[in-house]
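K.L.:
Quick one: structure below, then a few questions.
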Amino acid sequence: MGKFKKMMKSSFLLERVDYQQNAEELVRQYGLKSKVKIGTGKNYGEYVPETDTITLRPSYKSIKDFFMTVLHEIGHALDAKRLGVKKYIKKYTQAGTMAQYDGLDPHDDNKWEEKAERFAEKEISKWM
């Protein structure tokens, strides 16, 4: 197990988790340069491809919720990096429009959201 993974597993036993620092390190571990911001919204997290920014809440119910959120947003960032920002935005928007056309939620039923969630579910065991 790498030094960072050991540190990540043990550091979360501390009383207070530094979400900013830990999220930035996770982003680096996936070879991304995305900025991480702590926001004030009710959303668990958000990835903004135009600015390559991941915005997180100031707190989470559990460490697992935090990891799942960061990994989900990293999944979006990896897709944007792989496809290019313009193409990713176009495909994401098209998927939301298609979901809405079918009477579904343009966010929750967006195939890119589902893909990011699968990525997080697959990756979570590496960090917990």
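K.L.:
Filter region 70-128 for residues that are touching a residue at least 60 places away in the same chain (Cβ under 8 Å), open to solvent by 70 Å² or more (accessible area, probe 1.4 Å) and in a helix (DSSP H, G or I) and give the result.
P.N.:
Selection gives Lys126 alone.
K.L.:
Right, another one. Within region 1-30, take every residue that is small (Gly, Ala, Ser), at pLDDT below 80 and not in a loop (DSSP other than H, G, I, E, B) and give me the one that is surrounded by the most Cβ atoms within 10 Å (Cβ to Cβ).
P.N.:
Ser11
K.L.:
Something else now. Please count how many residues of region 31-69 are within 12 Å of the chain's Cα centre (by Cα), of a type in the set (Ser, Thr, Tyr) and open to solvent by 50 Å² or more (accessible area, probe 1.4 Å).
P.N.:
1
K.L.:
Can I ask one more? Would you point out which residue out of Asp65, Asp79, Asp52, Asp102 is out of contact with any Cys (no Cβ under 6 Å at 6 or more places or on another chain) and modelled with pLDDT under 90?
P.N.:
The unique qualifying residue is Asp102.
The values are calculated or read from the model by the stated rules, or taken from the named source; none is laboratory data. The shown structure was predicted, so the numbers you read here are calculated from the model rather than taken from an experiment. Note: ideal-geometry Cβ built from the backbone for every residue, glycine included; neighbour counts use all protein chains shown. For accessibility, only protein heavy atoms count, side chains too; no ligands or nucleic acids. Shrake-Rupley method; radii C 1.70, N 1.55, O 1.52, S 1.80 Å.
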